[in-house]
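A quick write-up on the structure given underneath.
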Amino acid sequence: MSETARIILDGNEYELPVITGSEGEKAIDISKLRGMTGYITLDSGFKNTGSTKSAITFLDGEKGILRYRGYPIEQLAEKASFLEVAYLLIYAELPNKTQLDWFTDSITMHTLVHEDMRRFFEAFPTDSHPMGILSSMISSLSTFYPESQNPNRPFADIEMTIHRLIAKLPTLAAQAYKNNNGHPIMYPKNDLSYTENFLHMMFGLPSSNYEVDPVISDALNKLLILHADHEQNCSASTVRIVGSSQANLYSSISAGIAALWGPLHGGANQAVIEMLETIKNDGGDLQKWVDKAKDKTDSFRLMGFGHRVYKNFDPRAKIIKKAADDVLDKLGMDDPLIDIAKQLETVALQDEYFVKRGLYPNVDFYSGIIYRALGIPTDMFTVMFAIGRLPGWIAQWKEMMENGDPIGRPRQIYTGANNRDYVPVNERK
Ligand code: CMC
């Protein structure tokens with residue numbers, strides 16, 4: 001017999017179905033609750049609300065488990081390439097050699113962006129934040145490919161949009177960077193891998209022969225994989241909800257980029273480095289900053305600490321911390337901010353406030369240290385997160401479309417004024 005939950009409201013008892021996921025996690029299906037009882041559920045920030053059934057990413061916040069399509073993140077970060085992981089997320093299985101070659105070729109062939117788009121860059125003020133540029137540019141792509149405006153085309157057409165997005169996002173990101181520096185843009189080079197090509201477009205110059213350091217390209221590959229999906233987070237939920245209105249994929253991804261930008265989400269990687277720099281410039285008194293973070297009258301939070309789902313440890317942070325050490329070691333670099341980061345982690349993790357609330361370093365705490373070592377400027381950190389997260393957003397959008405999910409439209413409990421009559425302006429007090 002299938003499991004049910006019983007709820008008693010106004011003396012009446014109702015039965016609601018219980019849904020069990022493939023990893024044994026359970027949910028009470030309340031989709032018919034309002035029709036049965038007149039009640040809705042209230043859950044600000046959706047802290048305890050499942051918005052969908054999904055077969056893409058599994059994470060267990062208590063045990064610190066993260067798997068894409070069943071594969072542990074540790075194995076993928078160690079052994080796979082980013083494009084292999086992108087294929088896995090989007091097509092649900094790891095590609096065989098023929099499939100990976102086809103996918104890689106298709107991505108490589110679409111890295112160029114229309115020359116007319118370069119004129120957009122001229123209109124952005126110097127020093128524009130690259131996330132603002134990226135979100136606009138991705139939305140603009142829909143105007144260059146008007147057929148994409150119907151998201152219900154045959155999959156072969158949708159697939160072209162998917163490949164174009166993965167191919168063009170790094171090109172646009174690197175162009176935004178070059179534009180802000182007043183440097184000439186570098187066109188993509190088709191004989192390079194995905195990460196090598198991005199580094200070439202970022203750091204290459206027409207006047208010199210830029211050689212990609214394999215240490216840097218491998219570290220970037222790992223970082224992108226670690227960011228590739230994270231189930232129903234703020235930006236993925238945004239992509240799904242925008243897409244659920246049948247808006248096209250480009251605009252749905254553009255909305256995801258905007259959601260990622262915030263410092264409580266992907267923007268935390270930039271905020272962490274700015275915080276560590278502030279602490280360093282302030283004399284390095286860590287206890288002072290930990291105390292500020294604990295003070296409820298102070299809006300300061302330890303950036304890179306805490307997570308909505310991970311209440312034990314973030315498995316991505318564990319991998320990234322080690323990768324940061326490896327990268328600095330291999331490049332023979334010493335970053336004073338990594339010492340501050342490690343000391344801050346030690347101080348915070350011994351503090352009852354952080355222990356009691358399950359606040360641990362998250363993926364963003366150490367990722368900025370690696371980006372710095374790779375030469376990526378601070379305001380490009382969240383852009384790096386976006387490049388990594390793109391396959392996840394696409395997979396989430398595709399699943400939502402294939403499931404035929406209804407338009408996302410939450411309800412509310414109204415707490416405003418009751419019915420009252422309009423008063424002409426000269427009669428108002
Ligand atoms: N520093 C100090 N206190 C904190 C922090 C922090 N970083 N994070 C949470 N708390 C406290 C919070 O004040 C609250 O305390 P109390 O119970 O006394 O009111 C308690 O911990 C629970 O916090 P919450 O805000 O209710 O938790 P949440 O699940 O809504 O927020 C979070 C999760 C990630 C937004 C939050 O931990 C945060 O703001 N962290 C800093 C920003 C950050 O690093 N974001 C990146 C997240 S990982 C990358 C990604 O996937 O987006």
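Would you check which residues across segment 287-307 are within 6 Å of the ligand (Cβ to nearest atom), touching a helix residue (DSSP H, G or I) at 6+ places or on another chain (Cβ under 8 Å) and assigned to a loop (DSSP other than H, G, I, E, B) and list them? Of everything in segment 287-307, those that are within 6 Å of the ligand (Cβ to nearest atom), touching a helix residue (DSSP H, G or I) at 6+ places or on another chain (Cβ under 8 Å) and assigned to a loop (DSSP other than H, G, I, E, B) turn out to be 301, 302, 303, 304. Looking at segment 316-396, the helices (runs of 4 or more DSSP H) lying wholly inside it that each contain 3 or more residues that are within 25 Å of residue 238 (Cβ to Cβ) sit at 363-373. Note on segment 359-381: among residues that are more than 8 Å from the ligand (Cβ to nearest atom) and either among the polar types (S, T, N, Q) or touching a His at 6+ places or on another chain (Cβ under 9 Å) (or both), the one that is least open to solvent (accessible area, probe 1.4 Å) is 367.
Scanning segment 122-153 for residues that are in a loop (DSSP other than H, G, I, E, B) and touching a residue at least 60 places away in the same chain (Cβ under 8 Å), we see that the one that is nearest to the chain's Cα centre (by Cα) is 129.
Candidates 5, 86, 55: the one that is in a strand (DSSP E or B) and either modelled with pLDDT of 95 or more or open to solvent by less than 80 Å² (accessible area, probe 1.4 Å) (or both) is 5. Of the listed requirements (1) near the ligand (Cβ under 10 Å from one of its atoms); (2) within 19 Å of residue 73 (Cβ to Cβ); (3) open to solvent by 60 Å² or more (accessible area, probe 1.4 Å), residue 321 misses just one: (1). Is one or more of the residues making up segment 235-257 small (Gly, Ala, Ser), open to solvent by 50 Å² or more (accessible area, probe 1.4 Å), at pLDDT 95 or above and in the same structural domain as residue 401 (by TED's automatic domain parsing)? Yes - at least one qualifying residue is present in segment 235-257.
Assigned to a loop (DSSP other than H, G, I, E, B) and more than 28 Å from residue 398 (Cα to Cα): is that true of residue 266 in this structure? No: the conditions fail for residue 266. Could you tell me whether any residue of segment 154-177 is open to solvent by 30 Å² or more (accessible area, probe 1.4 Å) and in contact (Cβ under 8 Å) with a residue 60 or more places away in the chain? Looking through segment 154-177, at least one residue is open to solvent by 30 Å² or more (accessible area, probe 1.4 Å) and in contact (Cβ under 8 Å) with a residue 60 or more places away in the chain. Each residue in segment 269-286 was checked for being without any contact (Cβ under 8 Å) to a residue 40 or more places away in the chain and outside any helix (DSSP H, G or I), and 3 pass.
Within segment 257-268, residues that are near the ligand (Cβ under 9 Å from one of its atoms) have Cβ atoms under 8 Å from residues that are of a type in the set (D, E, K, R) in these pairs: 260/389; 266/364; 266/389; 268/364, counting only partners at least 6 apart in sequence or on another chain. Pairs meeting the criteria (first residue in segment 374-385 and touching a residue at least 40 places away in the same chain (Cβ under 8 Å), second residue in a helix (DSSP H, G or I) and among the hydroxyl-bearing types (Ser, Thr, Tyr), beta carbons under 7 Å, at least 6 apart or on different chains) are 380/177; 381/371; 384/371. Sort through 119, 67 and tell me the only one that's without any contact (Cβ under 8 Å) to a residue 40 or more places away in the chain and in a helix (DSSP H, G or I). Step by step, each of 119, 67 is checked, and only 119 is without any contact (Cβ under 8 Å) to a residue 40 or more places away in the chain and in a helix (DSSP H, G or I).
Could you please let me know if residue 338 is open to solvent by less than 30 Å² (accessible area, probe 1.4 Å), away from the ligand (no atom under 12 Å from the Cβ) and within 30 Å of residue 255 (Cα to Cα)? Spelling it out, it is not the case that residue 338 is open to solvent by less than 30 Å² (accessible area, probe 1.4 Å), away from the ligand (no atom under 12 Å from the Cβ) and within 30 Å of residue 255 (Cα to Cα). Residues in segment 20-43 that are open to solvent by less than 60 Å² (accessible area, probe 1.4 Å) and either outside any loop (DSSP other than H, G, I, E, B) or closer than 21 Å to residue 410 by Cβ (or both): 27, 29, 33, 37, 38, 40, 43. Residue selection: residue 327 fails the criterion of being open to solvent by less than 30 Å² (accessible area, probe 1.4 Å), modelled with pLDDT of 95 or more and away from the ligand (no atom under 11 Å from the Cβ).
Among the candidates 412, 343, the residue that is of a type in the set (S, T, N, Q), touching a residue at least 12 places away in the same chain (Cβ under 8 Å) and either within 28 Å of residue 85 (Cα to Cα) or away from the ligand (no atom under 16 Å from the Cβ) (or both) is uniquely 343.
The values are calculated or read from the model by the stated rules, or taken from the named source; none is laboratory data. Note that this is a predicted model, so its numbers are computed, not measured. Ideal geometry is used to build each Cβ from the backbone, glycine not excepted, and the neighbour counts take in all protein chains shown. Keep in mind that these areas ignore ligands, DNA and RNA; they rest on the heavy atoms of the full protein, side chains included. Shrake-Rupley method; radii C 1.70, N 1.55, O 1.52, S 1.80 Å.
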